[in-house]
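Right, one structure below, let's go through it.
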Amino acid sequence: MNWVATYKDGTQIKQFDIQGNEHQFKEVNPAELLRLSWVGEKTYTIALKNGEEPIIFRRHTVNIREDKIMSYGLGIKGEFLMLITDGNVEVE
Amino acid sequence: MAAIVEVKEANGITPDWTVVSSIRFCTSDKYNPGLDFPLSIPSTGYRYSYWKTLCLELSGAFSQISNIKFYCDGAVGYTFGTDGALNIGTKDTGDSGLPFASYDQATGEEGVSGDAMNDAANGHAVYKGAGYTVKNVTTYGSGSPLDLDSTEYTAAGKTKAAVLQVKCSTVANGAEAGLQNAETLTFRYDEI
């Protein structure tokens, strides 16, 4: 899945833009975020209010044989965290 | 381009860091000496492998890598006897990984036995100390992994390291000689 950040003014930064360039999440201004999504076969979105800090990550496992993505995380600091694994969502 | 994360082992004094495709617990400060320097079964007491220092090398493009954990896949199938173990150095409070600046080369009698990590005289400079405990790595499974490194990395570099060592008991305690089955040890991290 790839992330999409939507600002309060409606503009978006996508992990991959239409030219296919990959953006880093550090380019996103969290203070101006309205929504944050993981987009794949399904879309998982959180809505942010003023002052809320987003959590977003890919959780990897790595051993000497392979590095693979195990799950995707999306949430709000101090509030909740969704862990999305093979389409199943677990909320902490 | 995404983050590139590789497992590296440290050996030597400086140390040298090698990307490892396999590691072998043995009685020398080498990451994989093949079948040389085997850990043989003692007639009494214990023998130890030289301890191994393993970290993640972070490179490529990423915003942040954090929440680094370490665990094994459950039981360890080595036939090192009922009181033998695959051990890992842990810190009693906070994250357990070894900072780069605290690296301590593995020591022992080459070809015979490593020094026990928690030996008061010859053990690991960090993990023999107060506030640190050597534990069986089976303490840490995927559901309760070891907190290895709580640092939030925003640039390339090495994470804190896991320090591991095999402790082998006697035949009387069930130890059996021979090539041991491969075990899976896993690092986990969050990346964005």
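The values are calculated or read from the model by the stated rules, or taken from the named source; none is laboratory data. What you are looking at is a predicted structure, and each value in this text was computed from that prediction instead of being measured. Ideal geometry is used to build each Cβ from the backbone, glycine not excepted, and the neighbour counts take in all protein chains shown. Surface areas here come from the heavy atoms of the whole protein model, side chains and all, with no ligands, DNA or RNA. Shrake-Rupley method; radii C 1.70, N 1.55, O 1.52, S 1.80 Å.
For a test of the definition: using alpha carbon positions, the gyration tensor, and the 1.5 limit on a/c, classify the stretch A:3-92 as rounded, prolate or oblate. Since a/c reaches 1.5 but b/c is at least a/b, the shape of the stretch A:3-92 is classed as oblate. Taking amide H as placed 1.01 Å from N in the peptide plane, A:E53 has its amide H under 5 Å from the amide H of A:K77, each at least 5 places away in sequence or on another chain.
The calculated FRET efficiency for B:S59 paired with B:A172, based on their beta-carbon distance and R0 = 45 Å, is about 0.40. Modelled spin labels at A:A47 and B:D147, positioned 7 Å past Cα toward Cβ, are 3.4 nm from each other.
Across B:T170, B:T90, B:T44, mean-square fluctuation computed from a Gaussian network of chain B (C-alpha pairs under 10 Å connected) peaks at B:T44. Taking only the C-alpha atoms of the protein assembly as shown, Rg followed by Dmax gives 21.7, 75 Å.
Computed extension gain for B:V19 through B:N32, at 0.36 nm per residue and net of the alpha carbon distance, reaches 3.6 nm.
With protein chains left intact and a 1.4 Å probe, residues in chain B average 43 Å² of accessible area per residue. For chain A, the share of accessible area belonging to carbon and sulfur comes to 48 percent (1.4 Å probe, ligands and nucleic acids excluded). Protein heavy-atom surface of the stretch B:1-53, 1.4 angstrom probe: 53% of the accessible area is carbon and sulfur, with nucleic acids and ligands not counted.
Nearest 0.05, what FRET efficiency do B:S43 and B:N136 give at R0 = 22 Å with Cβ-Cβ as r?
The formula returns an efficiency of 0.40 here.
Cα gyration tensor of the stretch B:65-140, axes a ≥ b ≥ c as square roots of the eigenvalues: rounded (a/c below 1.5), prolate (a/b > b/c) or oblate? It comes out oblate by the Cα gyration axes. Take the Cβ atoms of A:N88 and B:T93, set R0 to 35 Å, and the FRET efficiency comes out at 0.55. If the reach is capped at under 18 angstrom between alpha carbons, list the lysines near A:K14, excluding any in the same chain fewer than eight residues apart. Within the straight-line limit of under 18 Å, A:K14 reaches these lysines: A:K26, A:K42. How would the stretch A:1-48 be classified by its alpha-carbon gyration tensor: rounded, prolate or oblate, with rounded meaning a/c under 1.5 and the a/b versus b/c comparison settling the rest? Oblate. For the stretch B:143-192, heavy-atom accessible area (probe 1.4 Å) falls by no less than 50 Å² from the chain alone to the full protein assembly at B:R188, B:Y189, B:D190, B:E191, B:I192. What's the carbon and sulfur percent of the stretch B:145-192's accessible surface, probe 1.4 angstrom, rounded to a whole number? So the carbon and sulfur contribution to the accessible surface is 46 percent. Summed over both chains, the contact between B and A buries some 1800 Å² of accessible surface at a probe radius of 1.4 Å. For the pair B:I4 and A:E66, label points projected 7 Å from Cα toward Cβ lie 2.1 nm apart.
Please list log₁₀ I(q)/I(0) at q = 0.08, 0.11 Å⁻¹ for chain B, using the Debye equation with identical point scatterers on the alpha-carbon positions. Rounded to two decimals, the profile gives -0.25, -0.47.
Taking trypsin sites (Lys or Arg not before Pro) as candidate sites, keep only those in a DSSP loop with at most 15 other Cβ atoms within 10 Å, then name the longest stretch of chain A containing none of them. Looking at chain A, A:9-41 is the longest stretch - no exposed trypsin sites (Lys or Arg not before Pro) with at most 15 other Cβ atoms within 10 Å. With all protein chains kept in place, the per residue accessible area of chain A amounts to 59 square angstrom at a probe of 1.4 angstrom. Working from label points 7 Å from Cα in the Cα-to-Cβ sense, the B:A121 to B:T184 distance is 4.2 nm.
3J(HN,Hα) couplings calculated from phi for the stretch A:62-73 with the Karplus curve 6.51 cos²θ - 1.76 cosθ + 1.60 (θ = phi - 60°) are, in sequence order, 9, 10, 6, 9, 7, 10, 9, 7, 9, 7, 10, x Hz; Gly and Pro show x.
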